[in-house]
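**Student:** Pasting in a structure now, in structure tokens, and then I'll have a few things to ask.
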Amino acid sequence: MSGIRSTGIRAALLPVPLVLGLIGAAAAPAGAVASHTSHTSPPGQSLTCHGKGVDPDALVRHRTETVINAPLRTVWKLQTDVERWPSWQTPVESVERLDHGPLRKGSAFRWTTPIPPNPSTPATSLEITSTVQQIKRNSCIRWTGPAIGEGLRIDGVHVWNFTEVKGGVRVSTEETHTGAQVEADVPTATKILRAGLEAWLRELKSAAEARAHYRFLQEHA
């Protein structure tokens, strides 16, 4: 684990962002979503849910947001129906709920994404176990948990905010990562996290807007 070089970190973590907004998926060209903004947020301006935010001491962090032209109920349903993530998130191989019913405080789910082989680690799957720590319906979610693969462990804290705005819903997300591998190369790990969060938002936006458009056509057929 401690012997992973910078190139090894990059290769090992490459698919992680696609789900790591996790802990957070297929990159499109920068600017492909016109309403998308991205930045590394100062610790004092972190997103929160019920007053709780990301890890204030984490070296690897990123915050980003986009506006989705769909009803809030549609966006919320897609994001919280975690067992159906594989139907719209390309890199999510599987999701297993560890409890039942609507997503709520204490809910946990285990999900996987593939990792290709690289000079430091063999091909494997990254297994992520996320536990909901705070949640407010149609407003915010905060979950935490480890992502574990062959020779790799990342501990993540992930916060989501959902706000109705003109034209749809502004979805804001912030995540922090800690762990020996990511902290060995913070710039690379941060770049990868950024790519993953932005990809997650693109896929959420695409799925929600497609669903909203389909329902509009049905209602006006």
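The values are calculated or read from the model by the stated rules, or taken from the named source; none is laboratory data. Predicted model only: the values in this text are computed from it and were never measured. Because the Cβ atoms are built from the backbone with ideal geometry, glycine has one as well, and the counts that use them run over all protein chains shown.
**Student:** On the given criteria, is R137 closer than 19 Å to A58 by Cβ, surrounded by fewer than 16 Cβ atoms within 10 Å (Cβ to Cβ) and not aliphatic (A, V, I, L, M)? Quick ask: steps written out before the conclusion?
**Tutor:** Values: closer than 19 Å to A58 by Cβ: no; surrounded by fewer than 16 Cβ atoms within 10 Å (Cβ to Cβ): yes; not aliphatic (A, V, I, L, M): yes.
It is false that R137 is closer than 19 Å to A58 by Cβ, surrounded by fewer than 16 Cβ atoms within 10 Å (Cβ to Cβ) and not aliphatic (A, V, I, L, M).
**Student:** Then there's this: Among E150, E164, which is the only one that is surrounded by fewer than 21 Cβ atoms within 10 Å (Cβ to Cβ), acidic (D, E) and farther than 22 Å from I68 by Cβ?
**Tutor:** Details: E164 fails: farther than 22 Å from I68 by Cβ.
Going through E150, E164 in turn, the sole match is E150.
Per-residue answers, yes or no, for (1) at pLDDT 95 or above; (2) within 30 Å of H213 (Cβ to Cβ):
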{"position": "K52", "(1), (2)": "yes, no"}
{"position": "D57", "(1), (2)": "yes, no"}
{"position": "R97", "(1), (2)": "yes, yes"}
{"position": "F109", "(1), (2)": "yes, yes"}
{"position": "T124", "(1), (2)": "no, no"}
{"position": "Q134", "(1), (2)": "yes, no"}
